[in-house]
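Report on the following structure.
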Amino acid sequence: MKKRLATAAALTLAAGALCAQPRHGYLVVDEKAPGIEIQPTMYGIFLEDINFAADGGLYAEKVINRSFEYDNPLQGWKTFGKVEVLCEGGPFERNPHYVRLAYQGHPANLCGLENSGWFGIGLEKGEKYRLSFWARTAGKAVSAGIGVMLCDVNGNFENQILAMDQIEVKGGKWSRYEVTLEPSKTLQKGSLRILLMDEDPAAAADLEHISLFPAETFRGDDNGLRKDLAQALLDLHPGILRFPGGCIVEGTTLDNRYQWKNTVGPVENRPINLNRWSCSAFERMFPDYYQSGGLGFYEYFRLAEEIGAEPVPIVNCGMACQFQNDPAWDVNCSMEDLNAYIQDALDLIEFANGSPKSKWGKVRAQMGHSEPFNMKYIGIGNEQWGEDFKARFEPFVEALRKKHPEIKIIGTSGPYLGGEWFDDLWKEMRRLDVDLVDEHYYSWEGFYERNADRYDSYPRTGPKVFAGEYACHGSDGKKFNHFNAALLEASFMTGLERNADVVHMSSYAPTLAHAEGWQWRPDLIWFDNLRVAKSCSWYVQSLFASNRGSRVIPITAAGKPVVNSNGLNATASIDDATGDIIIKIANLNQYSQTVSFELPGGLCGAQKTTLHSDNAVDENTLDEPERVVPQTSAVDLTPVSDPSNDYLMGVRNLPGGRIELRENFPARTFAVYRFHTK
Ligand code: AHR
């Protein structure tokens, strides 16, 4: 009996030992290889006004329908007393509507209006807000007192007023008025109230373009951006900024396509546009979703400059969104009208790069940027396909090549990651020899898990790839921005970098989403009126971009690239400026495994940054924004005491002056290693 027990114990021990046996990935880094250049444009961002990303989000304006131009001119406004909407004699011809406030008989009869912004007006104690409007007197009185206040109308009503001031409107000519308000408390959903407050019952005033901005915007720009959101973009270290879409470039019909010329010049005179995402999803309609044009092309170019990204504007190719329209509806521009669209593209280059003496260069200079924006790329069309597109695309290419051979042209491979349209378009893009082709792939986990080698077999000549929109979607349709998706994106992205000779640009999509106003998910950054949450995918993007390196160098397992090798996907690069060797590696296995890196000796320090969660569906939320964040630690490069002990992790010296760094690499983890050679 004793003997039988002893045998069983021995067997159990042996089985245990077998289970504990580390799996061993031995990865060799060849730092002497010349390497493939990684373009500075490799990792970027894509901004589109979807999910209230611009109006109601990044654009710091807090007043919705500030010019009374929505189809319902008082949309977003609550009115008290006698408020009329007028449109004759306003100060801005392209935004003709304004309101008139006048008493009915007695000053005690309140007259005014109130705006609650997009999902409320977020206010922070300690911050200042610039309230401005254009106004003139409208009654017999020579002046009209206007009370302006920031309010908490949803709280307990002990004191609704968080800040207040009075503006004296004088004279019958339109003038701009501005005051600074400082709220007495922080509030997610405040409002702006404006009342006629004059003792003279004859007082009346006309008001137009009522605007409320935080006094501090990103980089202090007038007509600027929300600091916290723009900072989250900057912290992605983007190489490019693709804008303004996406489907909003195309429009539901050509009438509401994005027209960049409507988004430049004085902000008060930019016409609004119904956002194509207002009614795209039946279950998540926002019929009051308009684009103010306040975050327009000037602001996009300026943002690109401020965050160090190459501007990549996309223009309409003469076609409305093909997804939203039946081919029989014939919503595209005629071939005769195509020239106007091509001219828009040519004028855009003049706006961005032309001399301040040129027509459009002058517009830019008058807006405050006499130096060119140095635009190098232009995208023609978004997710287009088929013969109608090809017929319109070629004349664009011809005209751009002729007048601006210095500008790189980005074509498209359509909405899908493969298939008939995709192949047809790639063939056409090659025939026309465009510089880059924009590929989009929103796909499920299996795609990202299995396709780190997507670009290994792409032709090495011809147009380069711009992975312009991609994101891993949870396969059950319920998981969004969870850790597992981010891990799989990281794993896939090692393949983008390993193929840096083919892939020159990439950007996750979409970038921004208001938690109360989204139409599409997953998204890189979630926000509400006061808070920001960076998704797990944000951290992946940021880790790739801030550890890009200048050249890809080989990292191999048994002489082959590390692609699905024991569940590992990896890429290595050298940063020429610092001499650092950088390894990015994802372990998709459910178990930890021993991984060895063979590296040059003489390293003078190293760090690793890991992104991991034990729970695949963990995500960062506005309430818990730091649930999954990267952890950085130093890597000990001291040689191990007993190199013959196979189970000992750490550094071993190898013949020829090289070293092996043996690591216990955790399950389901993405890591970036930085080894300092100098
Ligand atoms: O990013 C959201 C949308 O996805 C983009 O507008 C479009 O290009 C794609 O279909």
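Brief remarks on what is shown
- Treating each Cα of the stretch 180-271 as an identical point scatterer and summing with the Debye formula, the log10 of I(q)/I(0) at q = 0.11, 0.17, 0.23, 0.25 Å⁻¹ comes to -0.59, -1.13, -1.29, -1.31.
- Remark: C-alpha extents of the stretch 355-479 on the principal axes read 55, 35, 28 Å, sorted largest to smallest.
- Centre separation in Å (Cα based) which lies between the stretch 246-269 and the stretch 114-161: 29 Å
- Computed FRET value (nearest 0.05) for His676 with Glu420, which takes r as the C-beta separation and R₀ as 35 Å: 0.10
- Our summary gives the stretch 536-585 a relative contact order of 32 percent, counting only alpha carbon pairs under 8 angstrom and 6 or more residues apart.
- Surface composition of the stretch 76-165: carbon and sulfur make up 47 percent of the accessible area, probe 1.4 Å.
- Inter-label distance for Cys279 and Asn664, nm, one decimal - labels placed 7 Å from Cα along Cα-to-Cβ: 6.0 nm
- Here the chain carries DSSP beta bridges of which approximately 75% are antiparallel, counting only pairs with both residues inside.
- Difference of contour (0.36 nm per residue) and Cα-Cα distance, Ser641 to Ile36: 214.0 nm
- Beta bridges by DSSP in the stretch 462-599, antiparallel share as percent, to the nearest 5: 75 percent
- When the charge dipole of the chain is built from unit charges on Cβ atoms (+1 for Lys and Arg, -1 for Asp and Glu) and taken about the Cα centre, the candidate among Ser67, Gly251, Leu181 whose Cα reaches farthest toward its positive end is Leu181.
- Candidates Gly89, Cys111, Gly126 compared by Cα position along the dipole of the stretch 81-134: farthest toward the positive end lies Gly126, with charges placed on Cβ.
- Sum of -39500 (n - 2.57) over DSSP H runs of 4+, divided by residues of the chain (222 nm, nearest 500): -6000 deg cm²/dmol
- Three principal axis extents describe the C-alpha atoms of the chain; from largest down they are 108, 64, 49 Å.
- FRET E, pair Arg430, Asp501, Förster distance 22 Å, beta-carbon r, rounded to 0.05: 0.85
- Here the Debye sum runs over all C-alpha atoms of the stretch 566-678 as equal scatterers in vacuum, and log10 of I(q)/I(0) at q = 0.22 Å⁻¹ comes out as -1.29.
- The chain, dipole about Cα centre (Lys/Arg Cβ +1, Asp/Glu Cβ -1), debye to the nearest 20: 1460 debye
- Counting only lysines at least 8 places from Lys359 when in the same chain, those with an alpha carbon closer than 26 Å to its own are Lys261, Lys376, Lys402, Lys403, Lys408.
- Residue among Phe373, Thr609, Phe544 farthest towards the positive dipole end of the chain, charges placed on Cβ: Thr609
- Whole-Hz ³J(HN,Hα) from phi, Karplus 6.51 cos²θ - 1.76 cosθ + 1.60, for the stretch 77-93, glycine and proline x: 10, 9, 10, 10, x, 8, 10, 10, 9, 10, 9, 9, x, x, x, 10, 4
- Of all lysines in the structure, those lying under 19 Å Cα to Cα from Lys560, and not within fewer than 8 positions of it along the same chain, are Lys32, Lys584.
- Per residue, the convex hull spanned by the alpha carbons of the stretch 76-179 comes to 129 Å³.
- 15 Å beta-carbon shell around Leu637, net charge (K/R +1, D/E -1): +1
- Neighbour count of at most 12 Cβ within 10 Å plus DSSP loop: longest GluC sites (Glu not before Pro)-free window in the chain: 407-625
- The stretch 175-306, accessible area per residue, ligands and nucleic acids excluded (1.4 Å, Å²): 33 Å²
- Distance between the C-alpha centres of the stretch 393-426 and the stretch 38-67: 25 Å, rounded to the whole angstrom.
- Accessible surface of the stretch 367-515, 1.4 Å probe, proportion on carbon and sulfur as whole %: 50 percent
- The chain: angle of helix 297-306 to the longest principal axis, Cα-based, in degrees nearest 10: 40 degrees
- When the Cα atoms of the stretch 123-190 are aligned to their principal axes, the ranges along those axes come out at 39, 22, 14 Å in descending order.
- Against the main long axis of the alpha-carbon atoms of the chain, helix 386-403 sits at an angle near 80°.
- Note on the stretch 494-642: Rg/Rh from Cα positions, Kirkwood definition for Rh, rounded to two decimals, is 1.00.
- The chain - percent relative contact order, Cα under 8 Å, separation 6 or more: 15 percent
- Neighbourhood net charge (13 Å Cβ-Cβ; Lys/Arg +1, Asp/Glu -1) for Gly147: -4
- Helix axis angle, 2-20 relative to the chain longest principal axis, alpha carbon, degrees: 50 degrees
- Within a straight-line Cα-Cα reach of under 22 Å, Lys128 can be paired with the following lysines, leaving aside sequence neighbours fewer than 8 residues apart in one chain: Lys62, Lys185, Lys189, Lys227.
The values are calculated or read from the model by the stated rules, or taken from the named source; none is laboratory data. Predicted model, so just to flag it, every value in this text is computed and none were measured. No Cβ is skipped: glycine too gets one built from the backbone with ideal geometry, and neighbour counts run over all protein chains shown. Ligands, DNA and RNA are stripped out before the accessible areas are found, and what is left, the full protein with its side chains, is counted by its heavy atoms. Shrake-Rupley method; radii C 1.70, N 1.55, O 1.52, S 1.80 Å.
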